[in-house]
Each structure stands twice: as C-alpha cells, then as structure tokens.
C-alpha cells in the first residue's frame, strides 16, 4: 500500500513528492469493537509519523506497554512539582587549559516514588509534547536562578560566572511567559540577566520559523545569552550561524567521541571552532571523558568543555565546594546520578 502511494506526481505543472506511513492493528481478544481497533491503529501511526522513511508499524504488545507507560508518566508528571519529586543537578563547564570550573548547566531530574529515577530523555520528551514543558520550564528557571543567587551569597568570588538553562521550541512560542519567568527570577534574586544562558537544541533552531528566531532575538535584547546545543548532529550548516541570534555553540558529544580515532571528526570540530571565532561566538565541547580529548581540543583551539572527565552532574549543595568555597554543610557523597 505504501509503495502504491509513494512517488512523484505532476500536479498543475509542478512535481510533488508524496510519501506515506501506515499504522495498523490485528484484531484480538483485547478489542471489543471498531473503536478499539481505530484507537490502536492510530497509536501505531503516531509511532512512525514524522519518520524520514516510509514505514509501517503494527500495534503490538511492546507498543502497548510503551504507550501505557507514557500515558502514566504524563499523568503523574503533572503532579511531580507539587509532590516535590523533581530536582535540579548541575553539570560544570570547565576551562580546558586550567581545568578550573567556570559555569554550570542546570539539568532536571525526576525520581518517581514507585518507578524510581526516570530518564530525562523520557520525561522531557513527554513534557515537550504537551503544555507541561511550559510549567516545568518555569519551575526550572525559578529554582536554578535561586540556586545561583544562593551560591553567590556563600562566596561571591568562587561561584559560577553564568548559568545555562535548557529551553524548548514550545517555550519560545510563548516568549512573553518565558521572558517574564526569567525577568521575575533574576530581579527577585538580584542576579544579572546577562549571567543567564538559555540553551536550545540545534534541531529546534533548524526547524524554527521567523517568529521563534524573533523570540530568541528578544531574549538577547533583554540581556540573556543564547546557546545552540548538540551542534553538528542535525541538518544545519556552518553558514547558518552567520546572523543567527546566538552567542554560544556547543559541539555535540558524538564528534568529541570520535576525536581520537576518526580524522573527519577532527576536521568538523576544527571547522566549527574557526567559524565561531570568525563570528565571535563562544564554543563549548560536550561529552569529554578522557584526558587525551582535552589535549586534542586544546590543540584545535577549543577553550571550554564539559563531561564526565571533569565531573558528573552534582547536587546543588556541592557547587560552592566544587568552585572552591567552604561547604555549608556535609555534602560528601551527594554526587548526583548522571
């Protein structure tokens, strides 16, 4: 069926490429009627919709379990903030030459009372598919900026110079609320907005429309900086960085992983660093795990990086100690799970 539909068609003198995906279900004793069959076929279709290739997906037990879990997590994620199940940990960013920490990135964690720790990739994708991401995003902004103010009160010298917070395309589409959240938190805690970096993935930048790009520009006009995460894994080109409303480019971990064994990866990283220098953008290498990667990145001209070579994400109470201040309480053994 997919083969019959897929192909090139001439419509009003224009060539139109048509692709198709298909979701289907085989009736069994779980289905009591046509509505049940339509529901499960629709679920199977949703599982392959948006795929680059023409695919067909059958509704089976594995998909049933996936959907059942996802619906449960979506339902219970709505109450996670109120029930204080969410937490924030911080991934330090380091100067590669000195090895000293310079800033931190805020990362959200969810520990479910029955299921235990839920992967951020799982629950954040659920939040981004719903309006939940706006509520979670506002909570993260408020909590992370409060933490930064607290660390600076402990020791204004030995503390992060800036704080990076991840935002989604859906949050940018409601830019007034996003700007309001950042403004209220920074003013309320006495943190300069220029010390806040809002990070969006390369994928979201590539598919962004003019309204979203204008939203990024408005955030920068207010004083916040903008970073592109996972750069290099999508369909963007280096030339797209010219004129983009961004300040920081983060090289994806996949390129750092191949730095020592795959010459093309070195070429890509070198090109990104050159473009960033030409456009006066800062560049951060992600996913550094070995000393040899640090040496190679330094040789290429990269100045900043983050990854397990330096530290796993750490509990907020460990940040003052990590940056050189005396801990305010017993913070040993509080390393957060990565």
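Coordinate-derived values only; no laboratory data. All values reported here derive from a predicted model rather than from experimental measurement. Note that we place each Cβ from the backbone using ideal geometry, even for glycine, and neighbour counts take in every protein chain shown.
Of note:
- Computed over the chain with a Gaussian network model linking Cα atoms closer than 10 Å, the most mobile of 42, 32, 295 is 32.
- The ranking of 59, 9 by Cβ neighbour count inside 10 Å, starting from the fewest, reads 9, 59.
- Kirkwood Rh in Å, taken over the stretch 26-115 so that all alpha-carbon pairs contribute: 17.2
- Placing a pseudo-label 7 Å from each Cα along the Cα-to-Cβ vector at residue 203 and residue 161 gives an inter-label distance of 3.2 nm.
- P(r) tail fraction, the chain - alpha-carbon pairs more than 32 Å apart, %: 40
- Per-selection Kirkwood Rh - the stretch 176-225 (Cα, Å, 1 d.p.): 11.5
- With 0.36 nm allotted per residue and the present C-alpha distance subtracted, the residue 61-residue 184 stretch has 39.6 nm of extension available.
- Highest-fluctuation residue, 226, 205, 48 considered, GNM on the chain with Cα pairs under 10 Å: 48
- Fewest-first ranking of 247, 184, using other Cβ atoms within 10 Å as the exposure measure: 184, 247
- Semi-axis lengths, largest first, of the ellipsoid equivalent to the stretch 282-322 are 22, 11, 8 Å, with √(5λ) applied to each eigenvalue of the Cα gyration tensor.
- Put in line by how crowded their Cβ is, counting other Cβ atoms within 10 Å and starting with the fewest, 1, 244 read 1, 244.
- Distance between the stretch 62-76 and the stretch 126-172 - C-alpha centres, whole angstrom: 27
- Extension gain, residue 72 back to residue 315 (0.36 nm per residue minus Cα-Cα distance, nm): 84.7 nm
- The alpha carbon gyration tensor of the stretch 51-94 gives principal lengths a ≥ b ≥ c with a/c of 1.5 or higher and a/b no greater than b/c, which makes the shape oblate.
- Stokes-Einstein diffusion coefficient of the stretch 239-303, Kirkwood radius over Cα pairs, 37 °C, 0.692 mPa s, in µm²/s: 275
- The share of alpha-carbon pairs in the stretch 112-260 lying farther apart than 18 Å comes to 61%.
- The Stokes-Einstein estimate for the stretch 115-190, based on a Kirkwood radius over Cα pairs and taken at 37 °C with 0.692 mPa s viscosity, is a diffusion coefficient of 240 µm²/s.
- Per residue of the chain, the DSSP helices (runs of n ≥ 4 H) give a summed -39500 (n - 2.57) that works out to -12500 deg cm²/dmol at 222 nm.
- Kirkwood analysis of the stretch 54-170, using all unique Cα-Cα pairs, places the hydrodynamic radius at 16.4 Å.
- With the simple model of a label 7 Å out from the Cα in the direction of the Cβ, residue 213 to residue 122 spans 3.8 nm.
- Candidates 28, 46, 229: whichever shows maximal mean-square fluctuation once the chain is modelled as a Gaussian network with Cα springs under 10 Å: 28
- All-pairs Cα distance distribution in the stretch 7-69, expressed in whole percent, bin size 10 Å: 21, 40, 22, 13, 5
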